[in-house]
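What follows is calculated from the coordinates using simple rules that are stated; it is not laboratory data. Since the model is a prediction, treat every value here as computed from it, not as a measurement. Neighbour counts are summed over all protein chains in view; Cβ atoms, including those assigned to glycine, are modelled from backbone coordinates with ideal geometry.
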């Protein structure tokens, strides 16, 4: 257990002593690249699917909000998890880190379950509503 905290302390020391501009680049650039790839996902899909047919592009456009909702729930859980685990690591409370990670797994499963239930009961209505609006 002590070796875990020694490794954590070394990582925390670099975060506490390094230049802020370097830390922003070190942590911000991967985040920006990740968000760019995530944003381009639907665009690239749209370009290729539009070559198949207009109906295929319409189906993809209808599925995009569902995908965004799923991503938003996952990102929300991840941001909250990051904040609580960072606090626990700062306090050097390994038990709180483990409890938080376990709780995050349960929350991720419950978010998945909520999305599945919502999709089962509301997607057909959503697609019918969008089909009527397109006419």
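Do the conditions hold for residue 96, that is, is it in contact with a helix residue (DSSP H, G or I) (Cβ under 9 Å, 6 or more places away or on another chain) and assigned to a helix (DSSP H, G or I)?
Working: in contact with a helix residue (DSSP H, G or I) (Cβ under 9 Å, 6 or more places away or on another chain): yes; assigned to a helix (DSSP H, G or I): yes.
Against the criterion (in contact with a helix residue (DSSP H, G or I) (Cβ under 9 Å, 6 or more places away or on another chain) and assigned to a helix (DSSP H, G or I)), residue 96 qualifies.
Going by the structure shown, is residue 87 without any contact (Cβ under 8 Å) to a residue 12 or more places away in the chain, surrounded by 13 or more Cβ atoms within 10 Å (Cβ to Cβ) and farther than 15 Å from residue 66 by Cα? Give the derivation first.
Details: without any contact (Cβ under 8 Å) to a residue 12 or more places away in the chain: yes; surrounded by 13 or more Cβ atoms within 10 Å (Cβ to Cβ): yes; farther than 15 Å from residue 66 by Cα: yes.
In short, yes.
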